[in-house]
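The values are calculated or read from the model by the stated rules, or taken from the named source; none is laboratory data. Being a predicted model, the structure only gives us computed values, none of them experimental. Neighbour counts are summed over all protein chains in view; Cβ atoms, including those assigned to glycine, are modelled from backbone coordinates with ideal geometry. Ligands, DNA and RNA are excluded from the accessible area calculation, which covers all protein heavy atoms including side chains. Shrake-Rupley method; radii C 1.70, N 1.55, O 1.52, S 1.80 Å.
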Amino acid sequence: MIPTIEDILAMLAKGECTQEQALQWIGSHIDAATRDAALRDHFATTAAIGRDANGNISTASAKAVMFEDPPDWEAGPTAAMQWWCDAEARIRYVKAESMMKARIL
């Protein structure tokens with residue numbers, strides 16, 4: 001088992017491991033983090049999210065992740081489009097986080 005980064009630093013400070021070993025362990029932590037990030041991004045981009053008959057995401061879901069009502073399309077279509085894109089991205093990452101957690105069950 002790879003020691004935590006905190007333990008690696010403590011061991012290195014006490015002379016209980018070599019700098020080379022410490023770098024190998026830290027590299028293993030970086031590799032694991034990169035794999036998890038790549039998998040999370042994959043889940044987010046491929047996650048099926050609920051849409052209505054017109055292909056739109058649920059207003060209730062969007063408001064839940066945005067913590068506000070959507071802007072009016074007539075008042076500013078660019079701002080409205082950005083709000084809805086942000087809402088979809090947040091929904092996708094909420095689902096991706098759930099998928100990551102389910103992997104360890």
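Restricting the search to the stretch 56-72, which residues are surrounded by fewer than 13 Cβ atoms within 10 Å (Cβ to Cβ) and part of a loop (DSSP other than H, G, I, E, B)?
Within the stretch 56-72, ASN56, PHE67, GLU68, ASP69, ASP72 meet the criteria.
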Practice prompt. Determine whether PRO77 is open to solvent by less than 60 Å² (accessible area, probe 1.4 Å), more than 30 Å from PRO3 (Cα to Cα), modelled with pLDDT of 90 or more and of a type outside the set (A, V, I, L, M, F, W, C).
Written response: no
Item to complete: Please give the number of the condition MET11 fails out of (1) open to solvent by less than 60 Å² (accessible area, probe 1.4 Å); (2) of a type outside the set (Lys, Arg); (3) within 26 Å of the chain's Cα centre (by Cα).
Response: (3)
Worksheet item: Would you say ALA53 is within 30 Å of PRO70 (Cα to Cα), among the hydrophobic types (A, V, I, L, M, F, W, C) and either at pLDDT 90 or above or in a loop (DSSP other than H, G, I, E, B) (or both)?
Response: yes
Response to the item:
Going through (1) open to solvent by 90 Å² or more (accessible area, probe 1.4 Å); (2) assigned to a helix (DSSP H, G or I); (3) under 25 Å from ILE104 (Cα atoms) one by one, MET1 fails only at (2)
Worksheet entry | From ARG103, ARG51, ARG40, ARG35, residue being out of contact with any Ser or Thr (no Cβ under 7 Å at 6 or more places or on another chain), basic (Lys, Arg) and open to solvent by less than 70 Å² (accessible area, probe 1.4 Å) | ARG40
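Which residues, counting only those in the stretch 1-50, are of a type in the set (Lys, Arg) and modelled with pLDDT under 85?
ARG35
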Discussion item. If GLY27 meets every condition in (1) open to solvent by less than 70 Å² (accessible area, probe 1.4 Å); (2) not in a helix (DSSP H, G or I) apart from one, which number is that one?
Written reply: (2)
